[in-house]
Amino acid sequence: MRNRLIAAIVFATASTALVAAPTAAEAKRVLVCKNVKKKATNGTVIGAIGGGVLGNVVAGGGNKTEGTLIGAGVGAVAGHQIAKNKAKKKQCHYEYR
């Protein structure tokens, strides 16, 4: 009788622990990123300056202003995308919640 009582208590305690513990299937994988906007803004500014200079150099004849503006626009977009992708790779990680 005593052995059955002890066995019942052990079984009840073990099954309670199994039910209360969350399983790995319940946890969700979440991508957590830190501040990416600051890095992307820096890339935009650097890309615009570089693109403007390159556009000015490449433009021929009297089209220096147009070359500078087009180069700055293209450089800003390219710099923003490159900086954003690099920042995501460095400052993001997965967590299970």
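The values are calculated or read from the model by the stated rules, or taken from the named source; none is laboratory data. Model, not experiment: these values are computed from the prediction. As a convention, Cβ positions derive from the backbone with ideal geometry for all residues, glycine included, and neighbour counts pool all protein chains shown.
Against the definition (at pLDDT 90 or above, out of contact with any Cys (no Cβ under 8 Å at 6 or more places or on another chain) and part of a helix (DSSP H, G or I)), how does VAL57 come out, yes or no?
yes
Looking at the stretch 37-57 only, could you name the residues that are among the hydrophobic types (A, V, I, L, M, F, W, C) and touching a Gly at 6+ places or on another chain (Cβ under 7 Å)?
Answer for the stretch 37-57, where residues must be among the hydrophobic types (A, V, I, L, M, F, W, C) and touching a Gly at 6+ places or on another chain (Cβ under 7 Å): ILE46, ALA48, LEU54.
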